[in-house]
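To start, the structure itself, in structure tokens.
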Amino acid sequence: MEFLGQDGREGFGRRANSRFVLILLILVSILLLLSSLYSAQASVFKKAREGVLDATAPVLEVFSGPVAYFNGLAGNVSDYFNVLEQNKALRDENAELRQWMNEALELRKVVGAYDGLQTYRAPPAAQPIDAYVIGETNDAFARSMIVNAGRAQNIEAGYAVVDNRGLIGRIVDTGARASRVLLLTDVQSRIPVYVEGAAVEGLLVGNTRGKPAITITEGADDVAIAQGQRVLTSGAGGVMPRGLPVGVIDGEHGDDIMVDLYANYARTRLVRIINYEFPEVGEALDAVEDGAGEEVVAVTEG
Amino acid sequence: MGYRAEHLLSLLKTVAPLLLGLLGVIILALPIRLFEGAAPTPIIPLVVVFFWSIYAPAYMPSVSVFLIGILQDLLTGGPLGLWAAVYLVTQFVVMSQRSYFLGREQKVVWLGFALAAASASLMLWLVMSLMSGGLLPVGGLLAQMTTTVLIYPLFGVAFGEFHRRILVEA
């Protein structure tokens, strides 16, 4: 490859590429990095991120279709080899789900009866927004997805995002027609959760591993947390609704309580964004809706 | 060809590596999940920056490197300036070692790229760990950088052909 050495061995100091500019730009980058450490949500940076989202969304949208096709193709190849086991597992799961369906139908009847009582007023129904995943940061540390719905669909930062399995994250940046979802596994992700059956409130803290950990904020000293208990959003802070399924307790790892997420990010394609409005104080007094669902469960169990 | 068209063509040639780098950033942002997400996406912009910084720095001015890095920061939603700094430092290191790499065998250059990727990883890991207030796991980063290093020969040949046939001769 002699041709590649043709512009000589002079190294630095060329007209088009001076060492001075390079060092200057390195300093500018470090300055930007330091300033974004202290004010990650500064409006200038936020505007820039949203602008880039808007500019790249059409490109990503065009490419995401073929990319999904090839992902499916590559996924299918390995599926061919274990189709028998998968069929058997699916049949078992189907049988189990049928039992759950019957139980859900029973519960629906019970809830209907409670709805009929004057003391209970259902909270205003949320109007979720459906969107496709058009982008994903394939970065070792930053974990987020880009979905094709934005301010035009009344999406705001903080909204919870779920797929057909459970919570996947929350909206952080909103462009005009695209938004960024910060996944639960990102180092910046903090989601208020509680553990079902154990009076424990905590924060689900992402750490780039597949299984984020819970930091307990409130609970009895001798908390009995067992493997397999469900983890749900607690709704603390009023940004997310209470009771969105997040995952199950996987076990303790040192001081950390690891959570096995319901979400499978390799399969997330269609998501639902939940535009939840925290009820006003007056409304909240009228309808003490929190905990109502749990009481119903308790009644049927008893 | 008129003067204006010729001028435009030469401008296009100068920014072609920049466009390739930006395309690499877009590829990083696509939801590519081959084999159920087991195969990480290679960091093609790092290859672009490394390749042109060694062989034809005139086609990869620092401003281009900066723009590629900033776009990646904005698109991934990470701390602004991180990837820009990583790419620029890579360019600085590579260009200071340019006279060693020029005219060497491809194997040697490949090894050089592996070292550059390793130092870039170390920088990324240090900054992100500092930001999150704890040592972060390195598994994902290692897998991604290994993939990038493994695909380097392929892109090295492709970029070499592109540079010779389109940027220099055409």
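Of note:
- Per-residue packing, averaged as other Cβ atoms within 10 Å, sorts the ranges B:103-113, A:101-111 into the order B:103-113, A:101-111, beginning with the highest.
- Relative contact order for the range B:3-169: 24 percent, from Cα pairs under 8 Å spaced at least 6 residues apart, divided by residue count.
- Each peptide in A:193-205, B:86-98, B:128-140 receives the mean, over its residues, of other Cβ atoms within 10 Å, and ordering these scores from highest gives B:86-98, A:193-205, B:128-140.
- Positive-pole candidate from B:Ala118, B:Val15, B:Pro40, dipole of the range B:3-169, charges at beta carbon: B:Val15
- Taking a Cβ cut-off of under 10 Å around A:Arg272, the surrounding Lys, Arg, Asp and Glu residues balance to a net charge of -2, with basic ones at +1 and acidic ones at -1.
- Counting beta carbons within 10 Å around each of B:Asp73, A:Asp250 and listing the fewest first gives the order A:Asp250, B:Asp73.
- Amide H contacts of A:Gly247: A:Val231, A:Tyr262, each under 5 Å away and 5 or more positions distant or on a separate chain (H built 1.01 Å from N in the peptide plane; Pro and chain starts excluded).
- A crude spin-label estimate for the pair B:Met123 and B:Leu19, with each label 7 Å from Cα along the Cβ direction, gives 2.7 nm.
- The range B:13-21 - phi-based ³J(HN,Hα) in whole Hz, Karplus 6.51/-1.76/1.60, Gly and Pro as x: 5, 5, 8, 4, x, 4, 5, 4, x
- The HN-Hα couplings worked out from phi for the range B:51-61 by the Karplus form 6.51 cos²θ - 1.76 cosθ + 1.60 (θ = phi - 60°) are 4, 6, 5, 6, 8, 8, x, 5, 8, 10, x Hz, whole numbers, x standing for Gly and Pro.
- Net +/- balance of residues flanking B:Leu154 in space, Cβ distance below 15 Å, scoring K and R +1, D and E -1: 0
- Radius 12 Å from Cβ of A:Trp100, net charge of other residues (Lys, Arg +1; Asp, Glu -1): -3
- Using θ = phi - 60° in the Karplus curve 6.51 cos²θ - 1.76 cosθ + 1.60, the 3J(HN,Hα) couplings for the range A:259-269 round to 10, 8, 5, 5, 5, 10, 5, 6, 10, 5, 10 Hz; x is entered for Gly and Pro.
- Around the amide H of A:Ile168, modelled in the peptide plane, lie the amide H atoms of A:Val161, A:Val162, A:Asp163, all under 5 Å away and 5 or more residues distant in sequence or on another chain.
- Close amide-amide hydrogen proximity is noted between A:Ala142 and no other residue 5 or more places distant or on a separate chain, at a cut-off under 5 Å (H modeled in the peptide plane; Pro and chain starts excluded).
- Principal-axis tilt of helix B:82-96 within chain B, Cα atoms, nearest 10 degrees: 60
- Folded to 0 to 90 degrees: helix B:139-162 orientation relative to chain B principal axis, Cα: 10
Each value in this text was obtained by applying a stated rule to the coordinates, not by laboratory testing. Predicted model, so just to flag it, every value in this text is computed and none were measured. Note that each Cβ is placed from the backbone with ideal geometry, even for glycine, and that neighbours are counted across all protein chains shown.
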